[in-house]
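Worksheet: one structure, shown below.
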Amino acid sequence: MGIDRLMDDATLYERMLDSMEVAYLMGLERAIQRPGVTAALCPAMPHRSVFNSVVYRDPEALEAALPELARAYEEAGVLAWTVWTPEKDVRARAALGASGHVLDATPQAMAAPLDEVDVDEGASGLDWERADDVDDMCAILAAAFGLELEPTLRVLAGFERVAHIYLARRDGRPAACTAAFDVAGDCGIYWVGTVPEARGAGLATGLMRQALRDGRERGATTTSLQATAMGRPVYWRLGYRELGVIEMWERRRADPSS
């Protein structure tokens, strides 16, 4: 049983990487794709490394690509970019440190077969809707994470055509959001956010349950996400498995215009 579980977790992790490789390229101006390495370039958000993400599967390929990636980000005017790195990948961590990257954040990789997730009654009892644009979602994300609204709107414009966006309202105003993105049988969860004054009311959890319930109906068999420390216990209670820390190794340079 232990071996089967490890094999299952490895498959879930690969599905998460499949999702990340596609999702982080949505709406961006340029991508660099090499065997084993995918990099998203987003000059519209030069200070935000999460919009300028690198996902890799081969540490040797990543190490070889780092000089090219550094040049490409600098030429694009990007000031901060990050590499998503499994905590256990000693080789990649050493190469990143030697290249000027620093450990910036330690999200938890989480995933699960959808039949293990508690979708309950979805978003029943909430004032919620499926959004047909990104405007309210971006406003929520700006309030929740301090993102700059106008560039976020530009970067995520059209995301509703490839993803399923869910909104919850409190006192008639947009208060929480999440987005579900289907890739190769995985219902990836992105852009989970709640405005500060509405936190603790279960809005985002209800939206996730609805998104996962709908994903199951669309034929998805697994779900994945990258959890912050605040979201991690919520997702664990829903039935997500913890697959290990996936670190964000950021390289940041000074703004030459300042």
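The values are calculated or read from the model by the stated rules, or taken from the named source; none is laboratory data. Predicted model only: the values in this text are computed from it and were never measured. In this analysis, Cβ positions are derived from the backbone assuming ideal geometry, glycine residues included, and neighbour counts consider all displayed protein chains. Ligands, DNA and RNA are excluded from the accessible area calculation, which covers all protein heavy atoms including side chains. Shrake-Rupley method; radii C 1.70, N 1.55, O 1.52, S 1.80 Å.
If you go through the stretch 105-115 one residue at a time, do you hit one that is among the β-branched types (Val, Ile, Thr), modelled with pLDDT of 95 or more and surrounded by fewer than 16 Cβ atoms within 10 Å (Cβ to Cβ)?
As a first pass, look at the stretch 105-115 and keep what is among the β-branched types (Val, Ile, Thr): 106.
Now drop any that are not modelled with pLDDT of 95 or more, which leaves 106.
The next check asks that each one be surrounded by fewer than 16 Cβ atoms within 10 Å (Cβ to Cβ); those that pass are 106.
The answer is yes; a qualifying residue exists.
Would you confirm, using the coordinates I've provided, whether residue 172 is in contact (Cβ under 8 Å) with a residue 60 or more places away in the chain and either surrounded by fewer than 17 Cβ atoms within 10 Å (Cβ to Cβ) or in contact with a strand residue (DSSP E or B) (Cβ under 8 Å, 6 or more places away or on another chain) (or both)?
Details: in contact (Cβ under 8 Å) with a residue 60 or more places away in the chain: no; either surrounded by fewer than 17 Cβ atoms within 10 Å (Cβ to Cβ) or in contact with a strand residue (DSSP E or B) (Cβ under 8 Å, 6 or more places away or on another chain) (or both): yes.
So residue 172 fails the test.
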Residue, farthest from residue 112 (Cα to Cα), within the stretch 196-221, restricted to residues that are open to solvent by less than 10 Å² (accessible area, probe 1.4 Å) and under 18 Å from the mean Cα position of the chain (by Cα): 207
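From the list 10, 31, 65, exactly one residue is at pLDDT below 90, over 15 Å from residue 156 (Cα atoms) and among the hydrophobic types (A, V, I, L, M, F, W, C). Which is it?
Details: 10 fails: at pLDDT below 90; 65 fails: at pLDDT below 90.
That would be 31, the only listed residue that is at pLDDT below 90, over 15 Å from residue 156 (Cα atoms) and among the hydrophobic types (A, V, I, L, M, F, W, C).
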Residue in the stretch 48-55 that is polar (S, T, N, Q), out of contact with any Gly (no Cβ under 6 Å at 6 or more places or on another chain) and not in a helix (DSSP H, G or I) present: yes
Odd one out for residue 153 among (1) surrounded by fewer than 22 Cβ atoms within 10 Å (Cβ to Cβ); (2) among the hydrophobic types (A, V, I, L, M, F, W, C); (3) closer than 22 Å to residue 52 by Cβ; (4) touching a residue at least 60 places away in the same chain (Cβ under 8 Å): (4)
Sole residue being farther than 19 Å from residue 192 by Cβ and either modelled with pLDDT under 95 or open to solvent by less than 80 Å² (accessible area, probe 1.4 Å) (or both), chosen from 142, 95: 95
All positions within the stretch 37-47 that are open to solvent by 10 Å² or more (accessible area, probe 1.4 Å) and outside any loop (DSSP other than H, G, I, E, B): 38
